[in-house]
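The values are calculated or read from the model by the stated rules, or taken from the named source; none is laboratory data. No experiment lies behind these values; they were computed from the predicted model shown. All Cβ positions, glycine included, derive from the backbone under ideal geometry; neighbour counts span all protein chains shown.
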Amino acid sequence: MAYNFDEEHHSTYKNTAKWSMANEHFEEEDIIPLWVAEMDFKLPPEIIDRVKARVDEGIFGYTMLTEEVKEVVALWISKRHQMQVNQESVCFSPGVMPAVQASIQAFTNPGDRVIIQTPVYGPFSKVVANTSRELVTNPLQFKNGKYEMDFDDLVKKIEETDAKMLLLCNPHNPVGRVWSLDELQRLGEIVDKYRLLVVSDEIHADLILRDHQHTVFSKVSDTMSKKSVLCFSPSKSFNMAGLNTSFTIIEDEEMRATFQKKLEENYQAMANPISLEAAKSAYEIGEAWLEQCLNYIEGNIHYLREYLSKNIPELKLVNSQGTYLVWIDCRVLGLNQEELFHFLLKKAKVAVNNGFEFGEEGAGFIRMNMACRRATLEEALQRIEKAIKEFRK
């Protein structure tokens, strides 16, 4: 079945942060929102029909993760990422960040150091602070238009701070890197030597662009398979972030019990019956839709690359290997971060993510969402081009 990703839906959205509440959030009218990480695409009708059937049952009591759903999740990861998953290692949490928070609380102590690799998803730094841990940054290196891990700096930071945990973004949001097996193996060797626990946010694992291959972090070694926490979710892959569902893979039985106990203490162990049905259905029958969606997104990224090269050469697209989020270097404009963000918002009427949200290393960059209709992207780029033409004068 062919799916239509050019169909317009956002005018019917209710109470959504990205569209219906965007003008209020940005205090600006008539903006095109290409910021928050959700798609503008409607789920395929076959998944919607399953969710409707669940709603028609009419009973929505307290819901727990079932063995059936665990099996579906394990099969999806095994098939999609060539990794054998024991379904008993699958845990539920109401989102990846609640799982990251519970992991920090369960496996470190207040005052312990936790490492993140900036520029990175903003809530990483917030969750470390909110759990009374100390943040340590291991900035990525931007070399020849590509981001790489700085392993020498990582070793230095571990030795200086006695860090206990590393939060890995795999694939990386916002820079779009799909970490190679060699890179992850080198990372695994370091954290094994210094006995760090890795919590790997793999929420974008299903959104890998052509010619690239995702490697689940725990595959790098037998040791890492026992000493890592893997966070997966259908929320980005199938545009269901509002359903608050994620699945955490912890192979070590004792670690898994500790993690689940912390979720219970945080009152985050209960599932949503509609969310579980949507997730289960997506993993069972949604792969064809996902593949077509990825092709469409890749087409958008290609269109963006060509448009910038031809019409707005001041903006440099960082090569994207995964996710539907792109990272754009705007430093040649000579604007500071606030000036850049407000220039795009006020002059172009396009809302993006301010690069500084991801750490000070993001200054001069913006993050832009490509999971939109081509018509939306075209209009946004035309607005930006017009604004920059005025700026050139």
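Can you name the residue in the stretch 5-16 that is in contact with a Phe, Trp or Tyr (Cβ under 9 Å, 6 or more places away or on another chain) and without any contact (Cβ under 8 Å) to a residue 24 or more places away in the chain and, of all such residues, is surrounded by the fewest Cβ atoms within 10 Å (Cβ to Cβ)?
Residues of the stretch 5-16 that are in contact with a Phe, Trp or Tyr (Cβ under 9 Å, 6 or more places away or on another chain), as a first pass: 5-7, 9-11, 13.
Filter once more, so that each one left must be without any contact (Cβ under 8 Å) to a residue 24 or more places away in the chain: 11, 13.
Numbers: Ser11: 7, Tyr13: 13.
In this case the residue turns out to be Ser11.
Scan the stretch 253-303 for residues that are among the polar types (S, T, N, Q) and free of Cβ contacts under 8 Å to residues at least 12 places away in the same chain and the total you get is 1.
If you go through the stretch 305-327 and keep only what is outside any loop (DSSP other than H, G, I, E, B), among the aliphatic types (A, V, I, L, M), in contact with a Leu (Cβ under 8 Å, 6 or more places away or on another chain) and crowded, with 22+ Cβ neighbours inside 10 Å, you end up with just Val326. Considering Tyr267, Tyr283, Tyr296, the condition of being in a loop (DSSP other than H, G, I, E, B) and either closer than 26 Å to Leu184 by Cα or of a type outside the set (Asp, Glu) (or both) is satisfied by Tyr267 alone. In the stretch 236-252, the count of residues that are without any contact (Cβ under 8 Å) to a residue 60 or more places away in the chain, over 22 Å from Arg54 (Cα atoms) and surrounded by fewer than 16 Cβ atoms within 10 Å (Cβ to Cβ) is one or more.
The conditions of being within 22 Å of Phe41 (Cβ to Cβ), in contact with a Phe, Trp or Tyr (Cβ under 8 Å, 6 or more places away or on another chain), in contact (Cβ under 8 Å) with a residue 40 or more places away in the chain and surrounded by 23 or more Cβ atoms within 10 Å (Cβ to Cβ) are met by Ser233.
Please go through the stretch 191-206 and give me each residue that is part of a loop (DSSP other than H, G, I, E, B), within 29 Å of Glu287 (Cα to Cα) and out of contact with any Phe, Trp or Tyr (no Cβ under 6 Å at 6 or more places or on another chain), ordered by number. Of everything in the stretch 191-206, those that are part of a loop (DSSP other than H, G, I, E, B), within 29 Å of Glu287 (Cα to Cα) and out of contact with any Phe, Trp or Tyr (no Cβ under 6 Å at 6 or more places or on another chain) turn out to be Ile203, His204, Ala205, Asp206. Among the residues of the stretch 168-193, those that are closer than 16 Å to Lys227 by Cβ and in contact with an Asp or Glu (Cβ under 8 Å, 6 or more places away or on another chain) comprise Leu168, Asn170.
Please tell me if Ser235 is closer than 19 Å to Asn369 by Cα and not β-branched (Val, Ile, Thr). Considered against the rule, which asks whether it is closer than 19 Å to Asn369 by Cα and not β-branched (Val, Ile, Thr), Ser235 comes out as yes.
I'd like the residue in the stretch 19-65 that is aliphatic (A, V, I, L, M) and under 19 Å from Ser237 (Cα atoms) and, out of all such residues, is surrounded by the fewest Cβ atoms within 10 Å (Cβ to Cβ). If we take residues in the stretch 19-65 being aliphatic (A, V, I, L, M) and under 19 Å from Ser237 (Cα atoms), then Ile48 is surrounded by the fewest Cβ atoms within 10 Å (Cβ to Cβ).
In a residue-by-residue description of the stretch 198-210, the property of being at positive phi and surrounded by fewer than 22 Cβ atoms within 10 Å (Cβ to Cβ) applies to no position.
Kindly provide the set of residues from the stretch 128-179 that are farther than 22 Å from Gln105 by Cα, under 20 Å from the mean Cα position of the chain (by Cα) and either in a loop (DSSP other than H, G, I, E, B) or in the same structural domain as Val326 (by TED's automatic domain parsing) (or both), ordered by number. Of everything in the stretch 128-179, those that are farther than 22 Å from Gln105 by Cα, under 20 Å from the mean Cα position of the chain (by Cα) and either in a loop (DSSP other than H, G, I, E, B) or in the same structural domain as Val326 (by TED's automatic domain parsing) (or both) turn out to be Pro139, Leu140, Met149, Pro171, His172, Asn173, Pro174, Val175, Gly176, Arg177, Val178, Trp179.
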